[in-house]
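The values are calculated or read from the model by the stated rules, or taken from the named source; none is laboratory data. All figures in this text were calculated on a predicted structure; none of them were measured in a lab. Using ideal geometry, Cβ is built from the backbone for each residue, glycine included, and neighbour counts are taken over all protein chains shown.
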Amino acid sequence: VPSALPDGEPVPADGALPAGALDRLGAAPFGVYLHVPFCAVRCGYCDFNTYTALELGRPGVGATSQAAYAATAAGELRLARAVLGDGVPPASTVFVGGGTPTLLPTADLALLLQSVRSHLGLTDDAEVTTEANPDSVTASSLQALRDTGFTRVSFGMQSAVPHVLRTLDRTHDPERVPQAVAWAKAAGLEVSLDLIYGTPGESMQDWLTSLSAALECAPDHVSAYALVVEEGTAWPGRCAADGCLRPMTTTSPTSTSSPTKCSPAPGSGGTR
Ligand SMILES: C[S@@+](CC[C@H](N)C(=O)[O-])C[C@H]1O[C@@H](n2cnc3c(N)ncnc32)[C@H](O)[C@@H]1O
Ligand code: SF4
């Protein structure tokens with residue numbers, strides 16, 4: 001994936017880790033995170049490492065191919081095993097995050113999981129999760145994920161209110177979430193839902209509507225994130241132009257977010 005190398009000691013060509021990094025291998029449960037850096041659309045607030053098809057087509061970025069990604073990542077897992085050595089315990093959790101992993105064909109996600117299994121090992125009761133956008137799955141794709149060994153799906157619901165979803169640049173409508181959750185449960189997957197609170201224009205009633213809609217889906221887990229205006233995204237500029245950044249109040253959905261972060265105040269109008 002194209003990016004500037006961070007400052008500091010160069011990574012050894014053979015991927016070797018410093019001895020100290022291997023000291024505690026096996027002393028705690030072992031988990032694997034696999035990143036899939038592709039999205040259909042980039043949401044304006046998001047600073048995760050992800051690329052749209054348009055960005056991948058740009059000169060200098062085109063070296064990254066979505067089609068070749070799973071095989072390349074499988075090669076990295078082979079290298080990880082060589083670097084970690086024989087002392088590596090089987091993974092008890094695997095988390096495939098993004099980006100939008102479910103933009104890849106299920107066969108590619110199956111290859112990633114099979115590579116974890118064969119190079120690192122998986123415990124019998126391993127929790128194997130993929131992130132998914134609600135509109136990037138179907139009943140049959142979720143069933144195929146379950147059949148291939150995934151046990152859990154984490155959907156980016158964000159909100160159940162149309163104007164909030166629009167402000168967040170989301171491509172799904174509110175009805176899609178309960179539908180996707182029902183498909184996932186029918187397939188035998190556990191379900192987690194991500195929500196965002198504190199979006200500009202979101203009222204307390206909007207937030208309660210979203211929270212109720214999430215709970216009505218009876219998920220196994222809900223993660224609620226305060227919207228963070230990240231440097232390098234479109235939002236600092238939008239918020240400056242709209243004047244939507246205000247001190248947080250005790251009655252707003254942002255009232256529990258970190259005061260060290262710059263959060264947009266609800267009720268301050270949309271940003272688009
Ligand atoms: C990396 S995203 C992947 C999920 C999936 N691509 C989706 O958006 O549906 C994981 C979660 O991080 C949260 N997130 C991303 N950027 C955020 C931000 N700037 N502030 C708060 N939450 C954020 C969203 O709730 C999102 O569902
Ligand atoms: S929030 Fe999810 S869909 Fe939106 S850009 Fe980030 S990773 Fe992609």
Would you confirm whether or not region 157-170 contains a residue that is within 15 Å of ligand 1 (Cβ to nearest atom), at pLDDT 95 or above, among the hydroxyl-bearing types (S, T, Y) and closer than 17 Å to A214 by Cα?
yes
Over region 173-199, the set of residues more than 30 Å from A126 (Cα to Cα) and either assigned to a helix (DSSP H, G or I) or within 13 Å of ligand 2 (Cβ to nearest atom) (or both) is T199
Among the numbered criteria (1) out of contact with any Ser or Thr (no Cβ under 9 Å at 6 or more places or on another chain); (2) in contact (Cβ under 8 Å) with a residue 24 or more places away in the chain, which single criterion is violated by T129?
(1)
Matching residues in region 17-68 - criterion: being among the charged types (D, E, K, R), at pLDDT 80 or above and either farther than 21 Å from L120 by Cβ or within 10 Å of ligand 2 (Cβ to nearest atom) (or both)
R42, D47, E55
Note on G201: of the conditions (1) within 16 Å of ligand 1 (Cβ to nearest atom); (2) more than 16 Å from G97 (Cα to Cα); (3) modelled with pLDDT of 95 or more; (4) out of contact with any Lys or Arg (no Cβ under 8 Å at 6 or more places or on another chain), unmet is (3)
List every residue pair whose Cβ atoms sit under 9 Å apart, with the two residues 6 or more apart in sequence or on different chains, where the first one lies in region 63-87 and is farther than 20 Å from T50 by Cβ and the second, anywhere, is of a type in the set (D, E) and in a loop (DSSP other than H, G, I, E, B).
L79/D14; A82/D14; V83/D14
Just need a number here: residues in region 226-245 that are surrounded by fewer than 16 Cβ atoms within 10 Å (Cβ to Cβ), aliphatic (A, V, I, L, M) and within 11 Å of ligand 1 (Cβ to nearest atom).
0
Can you tell me which condition L112 does not meet? The list is (1) within 16 Å of ligand 2 (Cβ to nearest atom); (2) at pLDDT 95 or above, and all the others hold.
(1)
Restricting to region 150-159, and then to whatever is crowded, with 24+ Cβ neighbours inside 10 Å and away from ligand 2 (no atom under 13 Å from the Cβ), can you tell me which residue is farthest from W207 (Cα to Cα)?
F150
Scanning region 140-172 residue by residue, the ones that are assigned to a loop (DSSP other than H, G, I, E, B), under 16 Å from the mean Cα position of the chain (by Cα) and at positive phi total 1
Among the residues that make up region 193-200, is at least one of them under 21 Å from N49 (Cβ atoms) and buried (at least 21 other Cβ atoms within 10 Å of the Cβ)?
yes
Out of all the residues in region 63-89, which are of a type in the set (A, V, I, L, M, F, W, C) and under 21 Å from P105 (Cα atoms)?
A63, A67, A68, A70, A71, A73, A74, L77
Answer with yes or no whether L208 is modelled with pLDDT of 95 or more, away from ligand 2 (no atom under 14 Å from the Cβ) and touching a strand residue (DSSP E or B) at 6+ places or on another chain (Cβ under 9 Å).
no
